[in-house]
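One structure below.
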Amino acid sequence: MILNCVETTKRVVAFTFDDGPDVNYTPQILDLFREIGGKATFFMIGNQVKANPELARRALAEGHEIGNHTNTHPNLTDLSPDEVIRELSIAAQNIKEVTGIEVRTFRPPYFGYNETVHSIVTDKFGYPAIGAMNMNATDWSNPGVEHIVEHSVDHLSAGSILIFHDGWGDRSQTVEAVRQLIHMAADRGYQMVTVSELLQLAACEV
Ligand SMILES: [Zn+2]
């Protein structure tokens, strides 16, 4: 039900960042991707977009994708169907108000996901639910730059989706790990694309 990668032989990889936009760390991540000429996907929290609208607009202006990560970051499996719908639609509405765009992809907070949430996400909103290959990198727990790199570098492979966080607390380890990883990706000939670009590519090859 959750997509961690797509089948492709092309050297493309999707870096994703959850929980922003954050006034300290989102600009640093955006600067890194601008320097390397890559694109990323930011699964933003609706409330955070309202708080930092200029960062959401900057991400979009620089060619990145914004995805839905709910409005207040609850575990959706704890909510009623109506509350799930509200979380997703208010987030989408906040992002639209700030940026003018309709979000097309979704990542569940805490990967809290079940059949009920899945049917709302796909049937009502039409979002693919996006996972990641490097779940055990756990950058959010500040395990050290080396740990984040080690548990992500093996997944620098064709069609991989990688997860990091640009929001909540001190994300300086993430910034340094991502700096190293995107240079490794570029050295190995990988193009860094958005999740929607990755999905389109797979669809074309089916
Ligand atoms: Zn999150």
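Read-outs throughout are calculated quantities, based only on the coordinates presented, and are distinct from any laboratory measurement. Because the structure is a prediction, the values reported are computed rather than measured. With ideal geometry, Cβ positions are generated from the backbone for all residues, glycine too; neighbour counts draw on all protein chains shown.
Overview of results
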read-out: Test set (1) away from the ligand (no atom under 16 Å from the Cβ); (2) part of a loop (DSSP other than H, G, I, E, B); (3) in contact with a strand residue (DSSP E or B) (Cβ under 9 Å, 6 or more places away or on another chain) - E102 fails condition number; value: (3)
read-out: Members of region 100-128 that are crowded, with 18+ Cβ neighbours inside 10 Å, within 18 Å of T41 (Cα to Cα), touching a residue at least 40 places away in the same chain (Cβ under 8 Å) and hydrophobic (A, V, I, L, M, F, W, C); value: F106
read-out: Yes/no for S172 being among the polar types (S, T, N, Q), under 26 Å from H73 (Cβ atoms) and buried (at least 23 other Cβ atoms within 10 Å of the Cβ); value: no
read-out: Residue that is farthest from the ligand (Cβ to nearest atom) [pool: residues in region 129-156 that are acidic (D, E) and within 13 Å of V175 (Cα to Cα)]; value: E146
read-out: Only one of E54, E65, E97 that is among the acidic types (D, E) and touching a residue at least 60 places away in the same chain (Cβ under 8 Å); value: E65
read-out: Test: residue in region 116-126 that is among the aromatic types (F, W, Y) and within 16 Å of the ligand (Cβ to nearest atom); value: no
read-out: Hits in region 182-192 (condition: over 10 Å from L32 (Cβ atoms) and in a helix (DSSP H, G or I)); value: M184, A185, A186, D187
read-out: Matching residues in region 158-178 - criterion: being within 13 Å of the chain's Cα centre (by Cα) and away from the ligand (no atom under 16 Å from the Cβ); value: S160
